[in-house]
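Inspection log for the structure reproduced underneath, given as structure tokens.
Every number in this text was worked out from the coordinates using simple rules, so none of it is lab data. Computed from a prediction, not measured in an experiment: that's the story for all the values here. Because the Cβ atoms are built from the backbone with ideal geometry, glycine has one as well, and the counts that use them run over all protein chains shown.
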Amino acid sequence: MDQAVEFRQATRQDLDRIVEMLADDVLGSQRERYEQPLPDFYVQAFNAIAADPNNELVVACLDGDVVGVQQITFLPYIVRQGGWRATIEGVRTASSVRGRGLGSQMILYAVERAKERGCHLVQLTSDKQREDALRFYGQLGFEATHEGFKLKLT
């Protein structure tokens, strides 16, 4: 990425753009509802994240435009001698900048935030259908060391 990327905490004014990016891929289009006005559950989720000191909703900006988003959650654990972990979720880049290195910068930013917060481990999940993403995270040093399970609740 030739231009300087600015990372900052998302604001309520960024929420429309964030949801738009989350919905702008094959899986996201099935999971998200990007419509105007935004459904209130997105505002409620944003407010909960913004109020939690262990959650950061981070946007990446180029020339003031939001072109990436990720959520970093800092979690204390009793295992591993009571250490903290960072979990990265909801990583998306705008389709206009994909393949230009922004995703790598975003993950490296999240890793640095984890170090600043004293975490001993950074973890993330990616849908098994996202083969490019799985390869991408491996190239950044992440290892698929565990098998994850989810239980959907209605």
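Which shape class applies to segment 45-99: rounded if a/c is under 1.5, otherwise prolate when a/b exceeds b/c and oblate if not, where a ≥ b ≥ c are the square roots of the Cα gyration tensor eigenvalues?
Values: a/c = 3.48, a/b = 2.00, b/c = 1.74.
It comes out prolate by the Cα gyration axes.
Name the shape class, rounded, prolate or oblate, that the alpha-carbon gyration tensor gives for segment 37-76, where a ≥ b ≥ c are the square roots of its eigenvalues, rounded holds for a/c under 1.5, and otherwise prolate holds if a/b is larger than b/c and oblate otherwise. Oblate, since a/c reaches 1.5 and b/c is not below a/b.
Structure remark: mean-square fluctuation, Gaussian network model of the chain, C-alpha springs under 10 Å; the largest value among 137, 42, 77 belongs to 77. The charge dipole of segment 1-144, taken about the Cα centre with unit charges on the Cβ atoms of Lys, Arg (+1) and Asp, Glu (-1), comes to about 520 debye, rounded to the nearest 20. Just add up the charged neighbours of residue 34: K/R +1, D/E -1, any other residue whose Cβ is under 15 Å from the Cβ of residue 34. Net local charge, residue 34 excluded: -4. Taking amide H positions as modeled 1.01 Å from N, with prolines and chain starts lacking one, the residues under 5 Å from residue 60 and 5 or more places away or on another chain are 67, 68, 69.
GNM on the chain, alpha-carbon springs under 10 angstrom: the most fluctuating residue among 67, 26, 59 is 26. Highest mobility in the GNM of the chain, judged by mean-square fluctuation with C-alpha springs under 10 Å and restricted to 123, 81, 44, is found for 81. Only helices enter the 222 nm calculation for the chain: every DSSP H run of n ≥ 4 contributes -39,500 (n - 2.57), and dividing by all residues gives -9500 deg cm²/dmol, rounded to 500. Here residue 128 is the anchor, and the lysines within straight C-alpha reach of less than 21 Å, apart from those fewer than 8 places off in the same chain, are 150, 152. With K and R counted +1 and D and E -1, the other residues having a Cβ less than 14 Å from that of residue 128 yield a net charge of -1.
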